[in-house]
1. List, please: which pairs have Cβ atoms under 6 Å, are six or more places apart or on different chains, and start with a residue in region 47-72 that is assigned to a strand (DSSP E or B) and charged (D, E, K, R) and end with one that is modelled with pLDDT of 95 or more and buried (at least 16 other Cβ atoms within 10 Å of the Cβ)?
2. Within region 49-65, identify whether any single residue is surrounded by 16 or more Cβ atoms within 10 Å (Cβ to Cβ) and of a type in the set (Lys, Arg), and answer yes or no.
3. What about Ser36, is it surrounded by 11 or more Cβ atoms within 10 Å (Cβ to Cβ) and not hydrophobic (A, V, I, L, M, F, W, C)?
4. Quick one: would you say Glu10 is in a helix (DSSP H, G or I) and either surrounded by fewer than 10 Cβ atoms within 10 Å (Cβ to Cβ) or modelled with pLDDT of 95 or more (or both)?
5. Anything in region 29-72 that is at positive phi and at pLDDT below 95? List them, or say none.
6. So, in region 35-46, how many residues would count as being part of a loop (DSSP other than H, G, I, E, B) and either of a type in the set (A, V, I, L, M) or in contact with a Ser or Thr (Cβ under 7 Å, 6 or more places away or on another chain) (or both)?
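The values are calculated or read from the model by the stated rules, or taken from the named source; none is laboratory data. All values derive from a computational prediction rather than experimental measurement. Every residue, glycine among them, receives a Cβ derived from its backbone with ideal geometry; neighbour counts consider all protein chains shown.
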Amino acid sequence: YPEKYARLVEISEPDFVEVKGYSWVGRSRERLPRSSQPTIDDIREFAYTLSELTGYEIIDEVPRARVVLLWNGTTPLELRPRDIEGAKK
């Protein structure tokens, strides 16, 4: 249902969208077959369709984690960690 997800993106206007799928781990393995877990190709295809529908750009992916990152094209990509007292750097 990429069209329905595209509508959610249009309503919420997020800076980034992570497209990822269910992982066959833990107790879910007792309820679902491994084939329920989408492949990275499935996730890429869904992300591409979502990108086409929303205008968001695909800017990164991590195949091992089966995740694709979309960007709205306007939010600055240079992110800087905040200075938080006592935080490890």
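1. The qualifying pairs are Glu57/Trp71; Asp60/Leu69; Glu61/Val68.
2. So far as region 49-65 goes, no, none of its residues is surrounded by 16 or more Cβ atoms within 10 Å (Cβ to Cβ) and of a type in the set (Lys, Arg).
3. Yes: the conditions hold for Ser36.
4. Answer is yes for this residue.
5. Arg66
6. Total satisfying the criteria: 1.
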